[in-house]
Structures are given as structure tokens and as C-alpha cells.
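Here the structure is laid out as C-alpha cells; the discussion comes afterwards.
None of the figures in this text is laboratory data; all of them are computed from the coordinates on show. These figures come from a predicted structure and were not determined experimentally. Cβ placement follows ideal geometry from the backbone for every residue including glycine, while neighbour counts extend to all protein chains displayed.
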Amino acid sequence: MSDANDGAATVHLTLDEVRALAKAGLAKTGLSPDHVDAVAETMVAGERDGCASHGIYRLLVAASSVKTGVVVPDAEPVLDEPSPALVRVDGKGGFAQLPFRLGAPLLVEKAQKYGIAALALNNVVHFAALWPEVEKLASEGVVTLAVTPSHAWVAPAGGTEPVFGTNPIAFGWPRPSGEPFVFDFATSAVARGEIELHRRAGKPVPDDWGYDPQGNPTTVAEDVLKGAMRTFGGHKGSALAAMVELLGGPLIGDMTSLQSIEADGGRGGSPIGGEFIIAVDPAGFVGAMLGEHMKHAEEMFDTITGQGARLPSQRRYEARRKSLTDGVDIPAALMRDIEKLLEEA
Ligand code: NDP
Ligand code: PYC
């Protein structure tokens with residue numbers, strides 16, 4: 001995923017060691033045990049699947065969000081059902097993972113009952129990748145789309161001032177093999193976490209990732225972080241970023257990325273606000289013909305892979321198969337920062 005750490009010293013860990021490290025670090029921040037468990041699992045999943053920008057590195061990010069008061073460490077999420085096919089979980093200012101755990105089973109139940117259902121996570125702090133969520137839901141048989149705004153870091157196509165968040169879109173499609181088709185990417189040129197990893201490694205970034213504070217293209221990671229990131233695909237990424245703002249903000253009564261960064265007030269915490277997830281039962285429209293139509297989906301996947309192209313999520317599943325037996329390597333500098341966190345009073 002990232003070459004930001006190529007050539008640097010690394011430390012080898014088993015996934016159980018990553019989990020223990022994540023749990024110890026999160027517990028140290030004062031996070032309540034349910035949150036520790038839910039948040040740690042997303043960090044383990046990131047390392048396990050070779051997604052370093054959302055792996056154990058996020059321990060430092062999460063700790064900073066707790067320390068600066070951006071996240072409520074012992075928030076108790078509350079679930080309600082605004083209408084028959086809608087589920088809402090108010091995260092009460094805590095991290096998003098536990099509210100997702102609470103709302104996901106009812107979302108699937110409603111999608112299976114009504115054909116389509118939606119889940120809003122409100123008032124949550126979000127630093128994580130979305131694929132663990134859409135993969136879980138697709139593994140349970142529902143087609144899933146998830147979006148969340150973040151902080152206003154990204155300029156619209158044609159501008160140089162931040163408006164949008166890095167605003168990921170994630171999609172999951174159930175497959176007979178048991179490993180769903182999943183994609184999950186930011187609508188910015190890259191996730192902010194990638195730029196942060198380049199900054200940590202002292203590496204330049206491509207000049208089409210963002211602008212410096214004066215609005216000029218730059219290869220200095222730090223300057224992009226202080227200036228504005230760019231959307232992917234010009235006006236197309238810009239429109240999709242706006243869609244994510246609308247679905248994960250006003251539609252569910254939550255914040256836009258501009259509001260989120262204002263609420264952060266310079267504390268440098270993770271984005272605050274909402275996440276919107278739609279789940280569709282694939283039998284809804286086609287009923288008894290489901291097997292036939294799913295076969296056409298498989299034929300399409302085969303036609304993609306048959307010409308040497310790969311499916312999104314293929315790399316992740318391969319990384320997973322390897323890391324489950326071989327463990328993972330994390331940068332030694334990151335390990336030192338985590339040890340420092342664990343030693344702090
Ligand atoms: P990438 O640009 O790395 O794209 C990732 C997606 O594209 C994955 O599904 C990946 O599959 C797929 N992909 C990559 N290369 C190929 C290829 N050659 N052929 C087919 N598919 C490919 O991701 P981003 O940097 O944009 O985002 C990384 C993460 O950051 C996401 O998980 C996102 O959720 C997270 N994020 C979270 C935010 C938040 O507010 N919570 C904000 C922004 C980002 P594979 O995994 O198999 O490589
Ligand atoms: O990498 O852009 C990012 C990001 C923002 C919030 C969580 N990840």
C-alpha cells in the first residue's frame with residue numbers, strides 16, 4: 001500500500017502481539033474496555049491486511065484524540081429506530097467502532113426484512129478504514145455502501161482551499177467464495193494517513209497530491225498537511241467528495257467536514273461527526289433468480305482477473321493469508337513511539 005517505510009528498520013510482530021500492543025496502548029489512554037476491544041480490532045485488521053496507514057500507527061492518533069479531549073473515552077452508544085428500515089446509533093462522542101458493532105446486526109436484520117435498510121452513526125470520532133465494516137456486512141450477505149466525511153483538508157477541483165474531508169467510499173458485494181468484493185478509498189488523491197507516513201519517513205510526495213498553504217503544488221508532505229490536499233480524478237472525485245459530505249452530514253443530521261474541523265478547534269484530533277451505511281438484500285429484486293444473477297457477477301469478476309487485472313481487496317486477502325501465519329513488520333520508529341506512549345504516566 002505504501003512505500004513510505006521502504007528501506008527503514010522494522011520490528012517483526014505476530015498479530016497477537018499487535019493486538020496486545022494496541023489494547024495496552026488504548027487502555028493506557030483511559031478508554032473503556034468495550035471501546036478498547038472494538039478499536040484494537042480495527043488496528044489489527046489494518047496491519048493484518050497490509051494497510052499501514054490505518055494499522056497500529058493509528059494508536060498514536062487515537063491516543064492524541066483521547067488526550068486532547070476530542071473523544072469521550074467511556075461513551076455509551078445508544079441505538080434507536082427512527083423508522084422501520086432505519087437504524088441510528090448515537091455514539092455520544094466516542095470512537096465509531098463500538099457504535100458500529102451495536103448497530104450492524106439490526107441493520108442486517110432490517111435489510112433482510114425490507115430489502116433495503118440504512119444505518120446512521122451519529123456523534124462519533126472516526127480515524128479508521130471503512131473496509132472492515134463493509135466486509136463484515138457483505139460477509140453476512142448484504143450489499144453495502146458506506147461513507148463518512150472527515151475534516152476539511154481537501155480542496156475542490158478548481159480551488160486550493162480546503163472544503164471536503166478525505167471522505168472515503170466503501171462498497172461490499174457478497175461472493176460465494178466467502179471473501180466479498182470490497183473496495184474502500186478516499187475521494188482525495190490519497191488518504192491523509194499516507195501523507196503523514198511520508199512525513200514521518202522524511203519522503204517527498206508526488207506533486208499532484210496537494211498544495212502548500214500558498215496554493216502551489218508541492219512535494220513536501222508537511223506543506224500539503226498544512227495547505228490543501230487534492231481530490232482524485234479532478235471534478236469527478238470532487239463531486240463524489242461532495243456526495244459523501246451530504247450523505248454522511250446533512251442527510252443524517254450530522255457535521256460536514258468544515259464543521260468537524262471547526263469543532264476540533266485546532267486540537268489535531270480525528271474527525272468528529274457521522275457515518276452513513278446502506279445495506280441491500282441481494283434477493284430483494286430478483287428473489288428466486290438470485291443464484292442466476294450472482295453468477296453473472298462472478299462472470300464479470302472472472303473477466304477482470306482473466307486478463308491479468310486484479311480485484312480490489314485481492315491484495316488485502318493475500319496479505320491477510322500471509323500475515324496470519326508469518327506476522328507483520330512495523331517501522332522501528334513507530335515501535336519506539338508506541339513504547340514511549342506505553343511508558344507515559
Ligand atoms: P487506495 O488509493 O490505496 O485504494 C484502496 C482501494 O483500492 C482498496 O480497495 C484497494 O484494494 C483498491 N486498489 C488499489 N490498487 C488497486 C489495483 N491496482 N487494482 C484494483 N484495486 C486496487 O486507498 P486510499 O489511500 O484512498 O484510502 C486508504 C484507506 O483510508 C481506506 O481504507 C479509507 O477508508 C481510509 N480513510 C478513512 C477515512 C476516515 O475518515 N475514516 C478518511 C480517508 C480514508 P486492496 O485493499 O486489495 O489493495
Ligand atoms: O487517512 O485521510 C485519512 C483519514 C482521515 C480520518 C481517518 N483516516
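A few remarks follow.
- Size descriptors for the range 107-155, from the alpha-carbon set: Rg then Dmax equal 12.9, 41 Å.
- Annotation: amide H of SER188 within the under-5 Å range of PHE232, sequence separation 5 or more or interchain, hydrogens built in the peptide plane.
- Residues of the range 285-325 with amide N under 16 Å of a point placed 7 Å along Cα→Cβ from ASP16: 323-325
- Panel values: the chain, Kirkwood radius from alpha carbon pairs, Stokes-Einstein at 20 °C and 1.002 mPa s, translational diffusion coefficient 104 µm²/s.
- The distance between label points at SER83 and THR68 comes to 3.8 nm (points 7 Å beyond Cα on the Cα→Cβ vector).
- Working note: Karplus 6.51/-1.76/1.60 with θ = phi - 60° gives the range 30-46 the couplings x, 5, 5, x, 5, 5, 3, 5, 5, 6, 4, 4, 6, 5, 4, 4, x Hz, where Gly and Pro are set to x.
- Counting charges near LYS110 (Lys, Arg +1; Asp, Glu -1) among other residues having Cβ under 15 Å from its Cβ returns a value of -3.
- For THR10, the residues whose amide H sits under 5 Å from its own are ALA332, ignoring neighbours fewer than 5 places away on the same chain, with H placed 1.01 Å from N.
- Charge-dipole axis of the chain as Lys and Arg at +1 and Asp and Glu at -1 on Cβ define it, positive-most pick from GLN214, SER188, GLY94: GLN214
- As a rough guide to protection, the peptides 192-198, 328-334 ranked by mean Cβ packing within 10 Å, highest first, stand as 192-198, 328-334.
- Summing Cβ point charges (Lys, Arg +1; Asp, Glu -1) relative to the Cα centre of the chain gives a dipole of roughly 120 debye.
- Derived scalar couplings ³J(HN,Hα) [the range 327-333; Karplus, 6.51 cos²θ - 1.76 cosθ + 1.60; whole Hz; x for Gly, Pro]: x, 9, 10, 10, x, 4, 5
- Amide H contacts of GLY94: VAL72, VAL125, each under 5 Å away and 5 or more positions distant or on a separate chain (H built 1.01 Å from N in the peptide plane; Pro and chain starts excluded).
- Per-residue 3J(HN,Hα) values for the range 139-150, derived from phi via the Karplus relation 6.51 cos²θ - 1.76 cosθ + 1.60 with θ = phi - 60°, read 5, 8, x, 10, 6, 10, 10, 10, 9, 8, x, 9 Hz in sequence order (x marks Gly and Pro).
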